[in-house]
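The values are calculated or read from the model by the stated rules, or taken from the named source; none is laboratory data. None of these values were measured; they are calculated from a predicted model. Cβ sites come from the backbone with ideal geometry, for glycine too, and all protein chains shown count toward neighbours. Quick note on the areas: whole protein, heavy atoms, side chains included, nothing else; ligands and nucleic acids left out. Shrake-Rupley method; radii C 1.70, N 1.55, O 1.52, S 1.80 Å.
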Amino acid sequence: MSSLLYRQLAGSYPVAARGEGAFITDRDGRCFIDACGGAAVSSVGHGHPKVLAAMREHLDRIDYVHTSFFTTEATEALADELVAHAPPRMTRVILLSGGSEAMESALKLARQTALERGQAGRTKVISRRQSYHGNTLGALSISGNVGRRKVYAPLLFEAHFIDPCFSYRQRRDGESEEDYGIRAAEELEAKILELGPETVLAFTAETVVGATAGAVPPAPGYLGKVREICDRHGVLLILDEVMCGMGRTGTLHACEQEGVAPDIMAVAKGLGGGYAPIGAVFASEAIHQALAAGSGTLQNGFTYMGHPLACAAALAVQKVIHDEDLLANVRRQGEILRNALEDRLGQHANVGDIRGRGLFLAVEFVENRETKRPFDPGRKLHELVREAAIEEGLLVYAMGGTIDGTRGNHVMLAPPYTIDDGLSGEIAARLATAVQRALSA
Ligand code: PLP
């Protein structure tokens, strides 16, 4: 009998005893391939000796200080490291405790910036359907994840939603990827004009959509057009790279591949790789200047922001990514894993789409490949696949409601950046077996 209020109250969970690389072993000796890094968290794998050593070494020096009294070497070094490799013109960073806190802080930073610029009337946030930005009430307010919003809807502030850029589901027959990207972005401009440009504070989007729709990259040109529209109307562009950022897609930031720099960007998960709870918000130099020339204060704080141990862990994780050339491995293994998935599942009658970037991949299931008709949501196929995968010793991130919050099923793969050819093949093989078992259940 546990004292914990579990995610599934009647659930029973194996007790994780050891983590090593891409593997987690439970107390009974069962070993699992962590092919989703928990929730795309584990970037350098479990138990990396260099990260553990850096954390131990740091703990012998200082455990905690409050940011109103002190800064620390680890905090400063991590901030320097992040800014040195940030998208163009992003020169400052706020260090926080996770993805929701980062997105919450991104929203607050946008609002404070508008005030410092004398634009108090900018209050409206535009976001996208089929998105997720976190579970705190502010971050949930701008999230398009129907299931996660439902219970809390009366407590959320009103945000404004446009369609996601989701080529497999929304590109028209005969429409090129590029034309679709522009059409999807133009929806943003229409929404800004409808709301009144001088009232719009920010547009927020996951650069590559994560769990809600399953590793959906933007169509070519989409994000560039979005940037142009935001600039035209003085709207801040907030990119949420909590899940897709920090190397997951093969470049440190997913927006690099789009040639776009946001005004504000949130990262988390892969930043600390699971060794400590940490998230970060990047701010452009223009935002920094607005605050510096205005109130000169950041109107937002948390007890654990810039936590020294978390910063030391994240710094060590970033060093491992650099020293072991892991971004190159993400690109290489991303190809290998994707090809292996194509080989095993690409022709399967119930696989509609295999998509994603780098080691951020998803398989979307359909009842009919030609019409893309999804399965009956009541069947909860994604859960059946997840359970069958666990039986195969494989952990995958499964979700339903891929299309609109109700219809559609997918599983996502986000293994550590350290995997090799053999493991990529093994992940695809076990997933294919699990899919077959789930479909015949
Ligand atoms: N943003 C995105 C894109 C996410 O995927 C998540 C979590 O899955 C969050 C924000 C919230 O992060 P956290 O769960 O660390 O609070």
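Please find, among Arg128, Arg122, Arg149, the residue that is open to solvent by 20 Å² or more (accessible area, probe 1.4 Å), modelled with pLDDT of 95 or more and within 16 Å of the ligand (Cβ to nearest atom). I'd like the intermediate steps shown before the answer.
Numbers: Arg128 fails: open to solvent by 20 Å² or more (accessible area, probe 1.4 Å); Arg122 fails: within 16 Å of the ligand (Cβ to nearest atom).
Going through Arg128, Arg122, Arg149 in turn, just one is open to solvent by 20 Å² or more (accessible area, probe 1.4 Å), modelled with pLDDT of 95 or more and within 16 Å of the ligand (Cβ to nearest atom): Arg149.
Quick one: in region 139-157, which of the residues that are in contact with a Phe, Trp or Tyr (Cβ under 7 Å, 6 or more places away or on another chain) and part of a helix (DSSP H, G or I) is farthest from Arg7 (Cα to Cα)? Lay out the reasoning, then the answer.
In the first step, residues of region 139-157 are kept if they are in contact with a Phe, Trp or Tyr (Cβ under 7 Å, 6 or more places away or on another chain); the result is 140-141, 143-145, 148.
Then keep just the ones that are part of a helix (DSSP H, G or I); that gives 140-141, 148.
Working: Leu140: 18, Ser141: 21, Arg148: 13 Å.
By that ranking, first place goes to Ser141.
How about region 26-52: which of its residues are small (Gly, Ala, Ser), more than 16 Å from the ligand (Cβ to nearest atom), open to solvent by 20 Å² or more (accessible area, probe 1.4 Å) and outside the structural domain of Arg386 (by TED's automatic domain parsing)?
Selection gives Gly47 alone.
Just wondering, is there one or more residues in region 202-224 that are more than 30 Å from Val396 (Cα to Cα) and in contact with a Ser or Thr (Cβ under 8 Å, 6 or more places away or on another chain)?
Yes.
Is it true that some residue in region 70-80 is at pLDDT 95 or above, β-branched (Val, Ile, Thr) and surrounded by 16 or more Cβ atoms within 10 Å (Cβ to Cβ)?
Looking for residues that are at pLDDT 95 or above, β-branched (Val, Ile, Thr) and surrounded by 16 or more Cβ atoms within 10 Å (Cβ to Cβ), one finds at least one in region 70-80, hence yes.
Considering (1) in contact with a Leu (Cβ under 6 Å, 6 or more places away or on another chain); (2) within 11 Å of the ligand (Cβ to nearest atom), say which one Gly99 fails and leave the rest.
Of everything listed in (1) in contact with a Leu (Cβ under 6 Å, 6 or more places away or on another chain); (2) within 11 Å of the ligand (Cβ to nearest atom), Gly99 misses just condition (1).
Taking region 268-280 as the region of interest, how many residues are more than 8 Å from the ligand (Cβ to nearest atom) and farther than 12 Å from Glu101 by Cβ? I'd like the intermediate steps shown before the answer.
Filtering region 268-280 down to residues more than 8 Å from the ligand (Cβ to nearest atom) leaves 270-276, 278, 280.
From what is left, the residues that are farther than 12 Å from Glu101 by Cβ are 270-276.
Residues flagged as more than 8 Å from the ligand (Cβ to nearest atom) and farther than 12 Å from Glu101 by Cβ within region 268-280 amount to 7.
All but one of (1) among the aliphatic types (A, V, I, L, M); (2) farther than 25 Å from Asn329 by Cα; (3) touching a Ser or Thr at 6+ places or on another chain (Cβ under 9 Å); (4) surrounded by fewer than 24 Cβ atoms within 10 Å (Cβ to Cβ) hold for Val260, so report the exception by its number.
Here Val260 meets the rest and fails (2).
Just to check your reading of the model, which residue among Leu109, Leu140, Leu188, Leu156 is over 20 Å from Glu228 (Cβ atoms), crowded, with 23+ Cβ neighbours inside 10 Å, of a type in the set (A, V, I, L, M) and away from the ligand (no atom under 15 Å from the Cβ)?
Matching residue, one of Leu109, Leu140, Leu188, Leu156: Leu109.
With the checklist (1) under 18 Å from Thr402 (Cβ atoms); (2) open to solvent by less than 50 Å² (accessible area, probe 1.4 Å); (3) touching an Asp or Glu at 6+ places or on another chain (Cβ under 8 Å) in hand, flag the one item Arg171 doesn't pass.
Unmet condition: (2).
Please work out which residue is farthest from Gly210 (Cα to Cα), limiting yourself to region 243-257 and to residues that are open to solvent by 20 Å² or more (accessible area, probe 1.4 Å) and touching a helix residue (DSSP H, G or I) at 6+ places or on another chain (Cβ under 6 Å).
Checked region 243-257; the qualifying residue farthest from Gly210 (Cα to Cα) is Thr251.
Going by what's in this entry, would Glu194 be described as of a type in the set (Asp, Glu), surrounded by fewer than 23 Cβ atoms within 10 Å (Cβ to Cβ) and in the same structural domain as Arg122 (by TED's automatic domain parsing)? Lay out the reasoning, then the answer.
Numbers: of a type in the set (Asp, Glu): yes; surrounded by fewer than 23 Cβ atoms within 10 Å (Cβ to Cβ): yes; in the same structural domain as Arg122 (by TED's automatic domain parsing): yes.
Criteria met by Glu194.
Given the structure, is Arg117 in contact with a Phe, Trp or Tyr (Cβ under 6 Å, 6 or more places away or on another chain), open to solvent by 60 Å² or more (accessible area, probe 1.4 Å) and away from the ligand (no atom under 11 Å from the Cβ)? Walk me through how you get there before you give the answer.
Details: in contact with a Phe, Trp or Tyr (Cβ under 6 Å, 6 or more places away or on another chain): no; open to solvent by 60 Å² or more (accessible area, probe 1.4 Å): yes; away from the ligand (no atom under 11 Å from the Cβ): yes.
No.
Among the residues in region 322-340, are any closer than 24 Å to Ser440 by Cα, of a type in the set (A, V, I, L, M) and at pLDDT 95 or above?
Yes, region 322-340 contains a residue that is closer than 24 Å to Ser440 by Cα, of a type in the set (A, V, I, L, M) and at pLDDT 95 or above.
Sort out for me the strands (runs of 3 or more DSSP E) sitting completely within region 21-129 that have 2 or more residues that are without any contact (Cβ under 8 Å) to a residue 60 or more places away in the chain.
23-26
Could you grab the pairs with beta carbons closer than 8 Å, sequence gap of 6+ or different chains, first residue in region 197-225 and within 19 Å of Ala362 (Cα to Cα) and assigned by TED's automatic domain parsing to the domain that holds Gln112, second one buried (at least 24 other Cβ atoms within 10 Å of the Cβ) and among the acidic types (Asp, Glu)?
If the second residue must be buried (at least 24 other Cβ atoms within 10 Å of the Cβ) and among the acidic types (Asp, Glu), the pairs left are Ala205/Asp240; Glu206/Asp240; Glu206/Glu241; Thr207/Asp240; Thr207/Glu241; Gly214/Glu364.
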